[in-house]
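Q: What follows is a structure written as structure tokens; I'll ask about it next.
The values are calculated or read from the model by the stated rules, or taken from the named source; none is laboratory data. Keep in mind that what you see is a predicted model, and the values were worked out from it rather than measured. Here the Cβ positions follow ideal geometry from the backbone for every residue, glycine too, while neighbour counts run over all protein chains shown. Each accessible area value is taken on the protein alone, full model and side chains, heavy atoms only, with ligands, DNA and RNA left out. Shrake-Rupley method; radii C 1.70, N 1.55, O 1.52, S 1.80 Å.
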Amino acid sequence: MRMPLRTLKDAEGQRGKQSDTPPQGMSGPRPVVLSGPSGAGKSTLLKRLLQEHGSIFGFSVSHTTRDPRPGEENGKDYYFVTREVMQRDIAAGDVDLQGVRNLKKTDLRPIYIFVQPPTLEVLEQRLRQRNTETEESLAKRLAAAQADMESSKEPGLFDLIIVNDNLDKAYWSLKEALSEEIKKAQGTGCS
């Protein structure tokens with residue numbers, strides 16, 4: 001069974017106790033919500049996880065208004081949409097910014113993981129190295145990241161916060177957090 005893995009950019013949510021058991025009618029591993037600011041390393045961690053456990057994890061593609069980076073494909077990495085399309089979808093209630101909050105209201109009971117850089121200075125350096133940001137977009141991303149990093153401290157919002165200061169350590173933390181779900185999918189864990 002493949003477990004959906006949802007990435008939500010710039011997500012925030014509300015407090016709520018989550019059960020470790022899947023909702024009624026749903027068997028197998030719980031879904032995973034991987035969230036955090038742009039440049040935190042979510043995509044890199046996700047690629048590693050899918051390479052190692054691609055038979056277990058699936059990927060739900062997020063929307064973004066930014067231009068594709070080299071090698072990214074529409075519909076595979078992200079749905080690249082115009083600001084107008086994004087605003088229309090927001091008005092319709094489909095927006096990543098509210099993604100975690102909306103998922104907390106469902107019976108899916110995902111594992112919520114927030115990935116963040118060690119500091120805003122490191123994040124700024126990572127974003128500048130991409131050479132894809134204007135000064136204006138960089139300032140917006142850093143402001144959003146600061147707000148996200150603050151909101152991630154809200155008790156009960158995330159099950160785990162991974163500080164990505166070392167990619168190997170961050171990936172180990174991600175795998176460790178998902179180890180029970182991986183065992184369930186492989187049929188070696190207890191229910």
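Q: Yes or no: residue 127 of a type outside the set (Lys, Arg) and in a helix (DSSP H, G or I)?
A: On the way: of a type outside the set (Lys, Arg): yes; in a helix (DSSP H, G or I): yes.
Spelling it out, residue 127 is indeed of a type outside the set (Lys, Arg) and in a helix (DSSP H, G or I).
Q: Need a quick list: strands (runs of 3 or more DSSP E) entirely within the range 1-116 having at least 2 residues that are touching a helix residue (DSSP H, G or I) at 6+ places or on another chain (Cβ under 7 Å) and at pLDDT 85 or above.
A: Numbers: elements: 5-9, 32-36, 62-64, 78-80, 111-116.
The strands (runs of 3 or more DSSP E) meeting that bar are 32-36, 111-116.
Q: Inspect the range 161-172 for any residue being among the basic types (Lys, Arg), more than 28 Å from residue 54 (Cα to Cα) and under 18 Å from the mean Cα position of the chain (by Cα) and give the result as yes or no. Talk me through it step by step, then tell me what you get.
A: Our first condition is that a residue be among the basic types (Lys, Arg); within the range 161-172, this holds for 169.
Then drop every residue that is not more than 28 Å from residue 54 (Cα to Cα), which leaves none.
Checked the range 161-172: no residue is among the basic types (Lys, Arg), more than 28 Å from residue 54 (Cα to Cα) and under 18 Å from the mean Cα position of the chain (by Cα).
Q: Okay, moving on. Among the residues that make up the range 166-188, is at least one of them touching a helix residue (DSSP H, G or I) at 6+ places or on another chain (Cβ under 6 Å) and open to solvent by 40 Å² or more (accessible area, probe 1.4 Å)?
A: No, every residue in the range 166-188 fails to be touching a helix residue (DSSP H, G or I) at 6+ places or on another chain (Cβ under 6 Å) and open to solvent by 40 Å² or more (accessible area, probe 1.4 Å).
Q: Specify the residue that is nearest to the chain's Cα centre (by Cα); the eligible residues are those in the range 136-159 that are part of a loop (DSSP other than H, G, I, E, B) and of a type in the set (A, V, I, L, M, F, W, C). Working first, answer last.
A: Pass one, the range 136-159, residues part of a loop (DSSP other than H, G, I, E, B): 152-159.
Adding the requirement that they be of a type in the set (A, V, I, L, M, F, W, C) leaves 157-158.
On the way: 157: 13, 158: 11 Å.
Among residues in the range 136-159 that are part of a loop (DSSP other than H, G, I, E, B) and of a type in the set (A, V, I, L, M, F, W, C), the one nearest to the chain's Cα centre (by Cα) is 158.
Q: May I ask you to list pairs of residues, at least six apart or on different chains, whose Cβ atoms are under 6 Å apart, with the first in the range 142-154 being in contact (Cβ under 8 Å) with a residue 40 or more places away in the chain and the second being in a helix (DSSP H, G or I) and of a type in the set (Ser, Thr, Tyr)?
A: The qualifying pairs do not exist here.
Q: A further question on this structure: How many residues does the range 116-165 hold that are surrounded by 14 or more Cβ atoms within 10 Å (Cβ to Cβ), farther than 24 Å from residue 102 by Cα and acidic (Asp, Glu)?
A: Counting residues in the range 116-165 that are surrounded by 14 or more Cβ atoms within 10 Å (Cβ to Cβ), farther than 24 Å from residue 102 by Cα and acidic (Asp, Glu) gives 2.
Q: Taking into account only those residues within the range 160-191 that are part of a loop (DSSP other than H, G, I, E, B), more than 24 Å from residue 122 (Cα to Cα) and not β-branched (Val, Ile, Thr), which is modelled with the lowest pLDDT?
A: Here the residue is 191.
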